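What follows is a short report on a single structure.
The values are calculated or read from the model by the stated rules, or taken from the named source; none is laboratory data. All figures in this text were calculated on a predicted structure; none of them were measured in a lab. Note: ideal-geometry Cβ built from the backbone for every residue, glycine included; neighbour counts use all protein chains shown. What goes into the accessible areas is simple: the full protein's heavy atoms, side chains included, and nothing from ligands, DNA or RNA. Shrake-Rupley method; radii C 1.70, N 1.55, O 1.52, S 1.80 Å.
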Amino acid sequence: MPYRYRLIAAYTAVMLLAILLSGFIYLNDQRLQATSEQLFNKTLPLLRTINQLRSAKVEHERLLYEYYATTDRLRLLPAIQASQSLMADRFEALDGQQLEMFDETRTTFEGIKAVALKLDQNLMNDQVDWDLARAHLIELSNAGRMIDPYLDTFVRDVEAQARRDSDASRAGGKLGTQLVIGFCLAIVGIALFVAFFVDRYIRETAERKRLAMFPERNPNPVISTDSQGNINYLNPAAEDFLREQQLEGKEKQLIPQNLKQAWHSHDEAASGTITLSERLLEYNLSTLKDLELAHIHYKDITEQHQAEQALSHQAKHDLLTQLPNRGQLEIALAENTHNTNSFHLVLLNLHHFERITATYGYQYGDMLLRHASQRINEHLQTENLLQPGLCRMDGSNFAFMVPGSGLSNTQQQQMQQLADTILAAFEEPVCINDNEFYLPLCMGISQFPSDSNNVSGLLKCADSALMQSRKVEGNCIQFYSSQLQDTYKKNLTIENELRQAIANSELELFYQPKMDNHTGAVTSCESLLRWLTPEGVPRYSPVEFIPIAEQSGLIIPLGEWVLETAFAQANVWRDSQPMVTAINLSQRQFQHHDFLPLLKRLKARYPGIEPYIELEITESLLMQDISSSIDTMHAIKDLGFGLSIDDFGTGYSSLSYLKEFPIDKLKIDRSFIIDMTNNKEDKMLVETIIQLAHSLGLATVAEGVETQDQLAALQTIHCTETQGYLISKPLPAREYGRFMEEFQRNQSSVGLIR
Ligand code: C2E
Ligand code: CA
Ligand code: CA
């Protein structure tokens, strides 16, 4: 119960008690007054009357005795009559007092009067009968003695009556005293009770006052309202806030919508946010129902909210392109795979992007990615994509989802059209700082649910489709197919078998000789890896298993084995038939941290071996990361080994780089050699390459020479060396001696040399 009500109840109790007590005391007082009035006005006069009666009787008797003695009637008779009338008068006064024995007393008194008369008549006679007179006197005395007990009875009666009255008053007085004591005790009790609550109230008020200081000094807005939402207090911070937001006089806008609801609910607190003039305020509302007050505390969380939004945006978006990131795509993918609706997952890759970053630096790369992502997004604008639209996966990979099943032809066509739209976006070059970049795109597409019904499966399928599409030069689109999956599975099998093969030493190095076009002598060879069955039949071609070894990382131990074996072989041949042995390097091997240390170890193991070793690096490998490639090439050259660029002409290497590469040889790819005798353009190209190489002081090797005509043509244009089946297929080392003998024999008879 609120204090106010408790105090009112206490005061009412005190008032009621006081009224009751006053009434009682008033009544008691009236009775006392009546009793004392009775005493004064009735009892005391009665007692006096009785005494007077008694005195008058005694006086009457004495006068009669004196009369008898003196017979002085003249003097005594008036006195006797006076006392008789006094007695009569007093009797009159006692009459009506309902005294006990009153009538008997009166009769006796009448008797006295009669005897006195008889005595007077006797004494008045001249002949006084003295005996009779004495008899009368005795009779008088006896009558007088008889009256005394009656008068005593009267006195007792009156006294008893007075005592009763005084007892009643005393009892009334005692009760009054008890009541007053009780009232006093009650007052003390109530006073203590009131004091207790007043004390508590004062304490709480003090505490409230102290707490009330908090809002005053609180740097955050605080307001106080009644249950109707009328504001009765605004702290200085709230006023400042309203002033800053130019909302003076509009403090009602601070009141949350749910105030009334909060007021009627059981909870004493509610919270939420409100937006005022672009500021976001968080509020905590607490109702003090006993005081009919609601306190609302505000906190301006605008900046915090913005920071949270920004953080959440950052967590979900790619910082560079501001596109949704991979996480978002995977979440959306997971959601979509829970639905039954079919859709396509499209992975998109900017082909050769790495090459541009390597050439122009990361800043260009970043700008390029931003431009490219904008362009793709613009062209996808009208397309019906699934949320969250275009996403950046990593590097130059993007992804998006398109609803629909790819099983129908129209759908396939639609996807093709979509792809064409994006490809069309990149027909125009992207221009950055006056440099124009043509960005070939490739796309890999997987379908839900036909290709896979889960996120990782769909990503894997799209990825393998993308990988497939990357293999085809130029802009292209590749749907995932089970054939791809078969390839994938086959690759996995090959990978597992390859691990076994390395352990079981099923691998062998073959060596393919190269002929010096000028001298006609075999002065070098290329080591080529072979994977043979126990029967000596090739199990897989290196074209199949080398890329798998490369992908799986197996190329590292495998490449190490190749280097060690080829070095050992070159070391053997160094004494018997001096020859340069060329060794193929893969990208991963070339970039591996242990690659140069391994070369150093081999160099240390076979001192002086350097002139007999040449390392072949493919052109496309070098273009992956040009600056680090150049560093590694220098390190190889510094160790003293020869260096050649393999498959030259296929890797789009910018010719401007060629002079920066510390190389000795260019190996012209077989694809140019095949047709050079029929195709003039190819012949021109080969010729240009050879001239270029010579101008840079580089030797040239023609790969895959199979015919005499090809050799002749190459010799005409001063190609340095020839490699191909025309000279020999790759041979095991053990057959090499026999080959050399045969070759020298044939050389003179067939006349390979000009
Ligand atoms: P590559 O370095 O261009 O090797 C030349 C390929 O052409 C060899 O195929 C060789 O057998 C083949 N070839 C040589 N002359 C002729 C010819 O007149 N006609 C035809 N049709 N082909 C000819 P191979 O041995 O199957 O090797 C294929 C590729 O595997 C190599 O291409 C090379 O890139 C890679 N490779 C082979 N061995 C190794 C190795 O030990 N390490 C690394 N990293 N790669 C290797
Ligand atoms: Ca090679
Ligand atoms: Ca080659």
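For region 626-652, what are the residues that are open to solvent by 20 Å² or more (accessible area, probe 1.4 Å), hydroxyl-bearing (Ser, Thr, Tyr) and either within 16 Å of ligand 2 (Cβ to nearest atom) or more than 25 Å from His351 (Cα to Cα) (or both)? Working first, answer last.
Of region 626-652, the ones open to solvent by 20 Å² or more (accessible area, probe 1.4 Å) are 627-628, 630-632, 634-635, 637-640, 647, 649-650, 652.
Narrowing further to those that are hydroxyl-bearing (Ser, Thr, Tyr): 627-628, 632, 650, 652.
Thr650 - this is the single residue of region 626-652 that is open to solvent by 20 Å² or more (accessible area, probe 1.4 Å), hydroxyl-bearing (Ser, Thr, Tyr) and either within 16 Å of ligand 2 (Cβ to nearest atom) or more than 25 Å from His351 (Cα to Cα) (or both).
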Need the failing condition index for Met740 against (1) buried (at least 21 other Cβ atoms within 10 Å of the Cβ); (2) away from ligand 1 (no atom under 16 Å from the Cβ); (3) within 30 Å of Trp531 (Cβ to Cβ), just the number. (1)
Mind checking which pairs have a first residue in region 666-679 that is within 12 Å of ligand 1 (Cβ to nearest atom) and a second that is among the hydroxyl-bearing types (Ser, Thr, Tyr), Cβ under 7 Å, 6 or more apart or different chains? Lys667/Ser644; Ile668/Thr700; Asp669/Thr650; Ser671/Thr650
Quick one: count up the residues across region 585-635 that are closer than 18 Å to Thr359 by Cβ, within 14 Å of ligand 1 (Cβ to nearest atom) and β-branched (Val, Ile, Thr). 2
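Scan Glu564, Glu616 and give me the residue that is at pLDDT 95 or above and within 14 Å of ligand 2 (Cβ to nearest atom). Spell out the reasoning first.
Working: Glu564 fails: within 14 Å of ligand 2 (Cβ to nearest atom).
That would be Glu616, the only listed residue that is at pLDDT 95 or above and within 14 Å of ligand 2 (Cβ to nearest atom).
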Scan the strands (runs of 3 or more DSSP E) fully inside region 332-406 and keep the ones with 1 or more residues being acidic (Asp, Glu). 386-394
Of the residues Met684, Met623, which is touching a residue at least 24 places away in the same chain (Cβ under 8 Å) and either within 14 Å of ligand 2 (Cβ to nearest atom) or surrounded by fewer than 20 Cβ atoms within 10 Å (Cβ to Cβ) (or both)? Met623
Cβ contacts < 9 Å: first residue closer than 27 Å to Ile626 by Cβ and open to solvent by 20 Å² or more (accessible area, probe 1.4 Å), restricted to region 359-382; second residue among the charged types (D, E, K, R) and in a loop (DSSP other than H, G, I, E, B), any location; separation 6+ or different chain. Result? Arg375/Glu428
Considering Tyr511, Tyr488, which residue is of a type in the set (Ser, Thr, Tyr), on the phi < 0 side of the Ramachandran plot, at pLDDT 90 or above and not in a loop (DSSP other than H, G, I, E, B)? Tyr511
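For region 486-496, how many residues are touching a helix residue (DSSP H, G or I) at 6+ places or on another chain (Cβ under 9 Å) and surrounded by fewer than 16 Cβ atoms within 10 Å (Cβ to Cβ)?
We begin by selecting, within region 486-496, every residue touching a helix residue (DSSP H, G or I) at 6+ places or on another chain (Cβ under 9 Å); these are 487-488, 490-492, 494-495.
Those still in the list that are surrounded by fewer than 16 Cβ atoms within 10 Å (Cβ to Cβ) too: 487, 490, 492.
Residues that pass the stated criteria total 3.
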For residues in region 525-534 being in contact (Cβ under 8 Å) with a residue 60 or more places away in the chain and surrounded by fewer than 21 Cβ atoms within 10 Å (Cβ to Cβ), which is nearest to ligand 2 (Cβ to nearest atom)? Leu528
For residues that are outside any helix (DSSP H, G or I) and touching a residue at least 12 places away in the same chain (Cβ under 8 Å), scanning just region 408-430, find the one that is nearest to Lys460 (Cα to Cα). Phe426
When you scan region 319-340, do you find a residue that is farther than 21 Å from Phe241 by Cα, under 23 Å from the mean Cα position of the chain (by Cα) and among the small types (Gly, Ala, Ser), even just one? yes
Only residues in region 199-211 that are on the phi < 0 side of the Ramachandran plot and touching a residue at least 12 places away in the same chain (Cβ under 8 Å) count as the first member; pair them with residues that are of a type outside the set (D, E, K, R) and surrounded by 10 or more Cβ atoms within 10 Å (Cβ to Cβ), Cβ under 7 angstrom, at least 6 apart or cross-chain, and list the lot. Tyr201/Tyr3
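Only one of Thr340, Thr321 is β-branched (Val, Ile, Thr) and either touching a Leu at 6+ places or on another chain (Cβ under 6 Å) or open to solvent by less than 30 Å² (accessible area, probe 1.4 Å) (or both); which?
On the way: Thr340 fails: either touching a Leu at 6+ places or on another chain (Cβ under 6 Å) or open to solvent by less than 30 Å² (accessible area, probe 1.4 Å) (or both).
Of the residues listed, the single one that is β-branched (Val, Ile, Thr) and either touching a Leu at 6+ places or on another chain (Cβ under 6 Å) or open to solvent by less than 30 Å² (accessible area, probe 1.4 Å) (or both) is Thr321.
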Under 8 Å between Cβ atoms, at least 6 apart or on separate chains: pull out the pairs that start in region 228-245 with a residue that is exposed (fewer than 13 other Cβ atoms within 10 Å of the Cβ) and end on any residue that is not in a strand (DSSP E or B). Asn232/Asp226
How many of the residues in region 560-588 are farther than 20 Å from Ser505 by Cα, away from ligand 3 (no atom under 16 Å from the Cβ) and of a type in the set (S, T, N, Q)? 3
Does region 447-456 contain any residue that is part of a strand (DSSP E or B), open to solvent by less than 60 Å² (accessible area, probe 1.4 Å) and among the β-branched types (Val, Ile, Thr)? no
Picked from region 94-109 (must be in a helix (DSSP H, G or I) and open to solvent by 90 Å² or more (accessible area, probe 1.4 Å)), the residue nearest to Glu59 (Cα to Cα) is Thr107
Among the candidates Val537, Val543, Val522, single out the residue that is open to solvent by 50 Å² or more (accessible area, probe 1.4 Å) and more than 16 Å from ligand 2 (Cβ to nearest atom). Val537
Every pair of residues 6+ apart whose Cβ atoms lie under 6 Å, when the first sits in region 723-737 and is closer than 19 Å to Ser671 by Cβ and more than 15 Å from ligand 2 (Cβ to nearest atom) while the second is open to solvent by 40 Å² or more (accessible area, probe 1.4 Å) and not in a loop (DSSP other than H, G, I, E, B): none
Only one residue in Gln38, Gln33 is open to solvent by 50 Å² or more (accessible area, probe 1.4 Å), closer than 16 Å to Arg164 by Cα and touching a residue at least 60 places away in the same chain (Cβ under 8 Å), so which one is that? Gln38
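Considering region 110-129 alone, what residues qualify as being assigned to a helix (DSSP H, G or I) and either closer than 30 Å to Gln161 by Cβ or of a type in the set (A, V, I, L, M) (or both)? Show your work before the answer.
Within region 110-129, the subset assigned to a helix (DSSP H, G or I) is 110-124.
Of everything in region 110-129, those that are assigned to a helix (DSSP H, G or I) and either closer than 30 Å to Gln161 by Cβ or of a type in the set (A, V, I, L, M) (or both) turn out to be Glu110, Gly111, Ile112, Lys113, Ala114, Val115, Ala116, Leu117, Leu119, Leu123, Met124.
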What tally of residues in region 54-86 results from selecting those that are in contact with an Asp or Glu (Cβ under 9 Å, 6 or more places away or on another chain), of a type outside the set (Gly, Ala, Ser) and open to solvent by less than 40 Å² (accessible area, probe 1.4 Å)? 6
Please tell me if Glu508 is among the acidic types (Asp, Glu), open to solvent by 40 Å² or more (accessible area, probe 1.4 Å), more than 15 Å from ligand 2 (Cβ to nearest atom) and touching a residue at least 40 places away in the same chain (Cβ under 8 Å). yes
Which listed residue, of Asp126, Asp131, Asp167, is closer than 22 Å to Gln98 by Cα and open to solvent by 10 Å² or more (accessible area, probe 1.4 Å): Asp167
Check off (1) at pLDDT below 85; (2) surrounded by 20 or more Cβ atoms within 10 Å (Cβ to Cβ); (3) farther than 20 Å from Thr321 by Cβ; (4) of a type in the set (A, V, I, L, M) for Ile422 and give me the number that stays unchecked. (3)
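Do you know which residues across region 596-613 are away from ligand 2 (no atom under 16 Å from the Cβ) and within 15 Å of Leu643 (Cα to Cα)? Give the steps one after another, and end with the answer.
Start the filter on region 596-613 by keeping residues that are away from ligand 2 (no atom under 16 Å from the Cβ), which leaves 596-612.
Those that are away from ligand 2 (no atom under 16 Å from the Cβ) and within 15 Å of Leu643 (Cα to Cα): Leu596, Leu599, Ile609, Glu610, Pro611, Tyr612.
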